[in-house]
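Written out below as structure tokens is the structure these notes cover.
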Amino acid sequence: MTMNNNFTDWRSQIQVSNRLHLNHAGVSPISQTVAAALQSSLLSQHHDGPLQQYIKMFEAIPTVREMLASLIGVPGDYIGLTRNTSHAMSILANGLSLRPGSEVVVAHDEFPGIVYPWIPLERDGIHLKRIHPAGATFTATDYIDAFTANTKVVIVSWVHWCSGAKNDIDQIVRVAKQRGILVICDTIQGLGSIPVDFRASDVDFIIGGSHKWLTCPSGLGYIAASPTTMSSLKPTNIGWNSVNNSLDLDTLRPGDLKASAAIVEEGNPSFLTIVGSHAALTELTSHGIDAIGEQVTSLASTIAQELRARGWNLRCAVQETGLVCAVPPSSVLRMAARLDSKAIDIAIRAGAIRFSPHAYQTIDDLQPLFDVI
């Protein structure tokens, strides 16, 4: 397979020169374009003064929101920027005001960062119900079968970080809505690598972060929710930027809180993160998420086929995402060490090796991996 010509320039900007990076589901490299934007901002803050950079940062924020909204498939005013995924989940866990006896359903092996925010609530009588799949990987039915009369929230990853399996969010939402259960979906392992349109699925809260498939600098997360859904959230993180016309600092206006998800942007964001993410998202979205998704899943499918042919046990039978999780015939640790010695970046997750290529890479780039395995 040859590379889509649309990715040639991107590849020259972002390709890691001395290693084969197959851990985009962990953390992505930043491109030279993004690095240049960061460097320019720092130099400008030094030479031109901090106020000029402060103004540029605030001018970039609406565009960052719009680009994230476009990737998710929701209106721009649905997006509120956070520091990371765990920060976003903490805002939700503490703001939903669940009553004692309420049940929160979540996978037993869910990523710790989105489970920890709920654990302190157990002292207040909130029950964290950690479920197991009936088969090898989680399906929508596993979550739905776990619902009881006490279930108030279900937390589900769009793409599971340990298997690469994609959940049927629409099916979970349909049943949850009938039972008055809020759905929180973590999209960090898919957004930027495969297309999605969450507008039709009516998920209550969508969260995620910037440093994986979105190829942004670390330090940016998001909450996506409608103004109506946000009104059900009791704001716990409030600052000067949580009100309308926030740069009017002459009077306190606690009754003038933003109705949109931007209410969570309580104070100054990291201007470097905003500037870098603006450059990265501009670069990423210029290639089209459909084309990116086609390239990513094609590369991942090729890796899966090569692994299967060599006796590896794949965690997910159907390859719909960019994550390939598999167990080698020999020791996982020895294989991981061998891959590292050959300058190939992977991740070990739940006793398996996880590979996650991105669209700027090619089949030819993967040849060193095939030689090692």
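General remarks:
- Residue in segment 76-96 that is part of a helix (DSSP H, G or I), among the hydroxyl-bearing types (Ser, Thr, Tyr), touching a Ser or Thr at 6+ places or on another chain (Cβ under 8 Å) and surrounded by fewer than 18 Cβ atoms within 10 Å (Cβ to Cβ) present: no
- Odd one out for residue 218 among (1) closer than 18 Å to residue 30 by Cα; (2) buried (at least 22 other Cβ atoms within 10 Å of the Cβ): (2)
- So residue 249, is it more than 20 Å from the chain's Cα centre (by Cα) and either surrounded by 18 or more Cβ atoms within 10 Å (Cβ to Cβ) or of a type in the set (Ser, Thr, Tyr) (or both): no
- Residue satisfying condition, being part of a helix (DSSP H, G or I), touching a helix residue (DSSP H, G or I) at 6+ places or on another chain (Cβ under 9 Å) and outside the structural domain of residue 183 (by TED's automatic domain parsing), within set 33, 63: 33
- Subset of segment 263-287 (residues that are of a type in the set (Gly, Ala, Ser) and not in a helix (DSSP H, G or I)): 267, 270, 286
- All conditions in (1) crowded, with 21+ Cβ neighbours inside 10 Å; (2) without any contact (Cβ under 8 Å) to a residue 24 or more places away in the chain hold for residue 181, with the sole exception of (2).
- Positions within segment 24-71 being among the acidic types (Asp, Glu) and either within 28 Å of residue 292 (Cα to Cα) or crowded, with 16+ Cβ neighbours inside 10 Å (or both), in sequence order: 59, 66
- Test result for residue 126, over 16 Å from residue 225 (Cα atoms), touching a Ser or Thr at 6+ places or on another chain (Cβ under 6 Å) and among the β-branched types (Val, Ile, Thr): yes
- Only one of the numbered conditions (1) farther than 23 Å from residue 304 by Cβ; (2) touching a helix residue (DSSP H, G or I) at 6+ places or on another chain (Cβ under 9 Å); (3) surrounded by 19 or more Cβ atoms within 10 Å (Cβ to Cβ) is violated by residue 141, and that is (3).
- With respect to (1) in contact with a strand residue (DSSP E or B) (Cβ under 7 Å, 6 or more places away or on another chain); (2) assigned by TED's automatic domain parsing to the domain that holds residue 165, the lone exception for residue 355 is condition (2).
- For segment 101-119, the criterion of a residue being of a type in the set (S, T, N, Q) and modelled with pLDDT under 95 is satisfied by no position.
- Some residue of segment 306-318 being buried (at least 19 other Cβ atoms within 10 Å of the Cβ) and assigned to a helix (DSSP H, G or I): yes
- Residue check for residue 322: in contact (Cβ under 8 Å) with a residue 60 or more places away in the chain, within 20 Å of the chain's Cα centre (by Cα) and part of a helix (DSSP H, G or I): no
- Summed over segment 143-180, the residues that are outside any strand (DSSP E or B) and closer than 16 Å to residue 317 by Cβ give a count of 7.
- Selected residue [surrounded by fewer than 19 Cβ atoms within 10 Å (Cβ to Cβ) and touching a residue at least 40 places away in the same chain (Cβ under 8 Å)] from 124, 202, 168, 197: 197
- For segment 321-350, a tally of residues being in contact with a helix residue (DSSP H, G or I) (Cβ under 7 Å, 6 or more places away or on another chain) and either at pLDDT below 95 or more than 22 Å from residue 160 (Cα to Cα) (or both) returns 4.
- As a summary of the residue check, residue 136 satisfies the conditions (1) small (Gly, Ala, Ser); (2) crowded, with 21+ Cβ neighbours inside 10 Å; (3) more than 26 Å from residue 231 (Cα to Cα) except for the one numbered (2).
- Test: residue 202 is out of contact with any Cys (no Cβ under 8 Å at 6 or more places or on another chain), assigned by TED's automatic domain parsing to the domain that holds residue 72 and at pLDDT below 95: yes
- Condition met for residue 317 (hydrophobic (A, V, I, L, M, F, W, C), on the phi < 0 side of the Ramachandran plot and modelled with pLDDT under 95): yes
- Of the residues making up segment 325-367, those that are assigned to a helix (DSSP H, G or I), out of contact with any Ser or Thr (no Cβ under 9 Å at 6 or more places or on another chain) and buried (at least 16 other Cβ atoms within 10 Å of the Cβ) are 335, 336, 339, 365.
The values are calculated or read from the model by the stated rules, or taken from the named source; none is laboratory data. Computed from a predicted model, the values in this text were never measured in an experiment. A quick note on method: Cβ atoms are made from the backbone with ideal geometry, for glycine too, and the neighbour counts reach across all protein chains shown.
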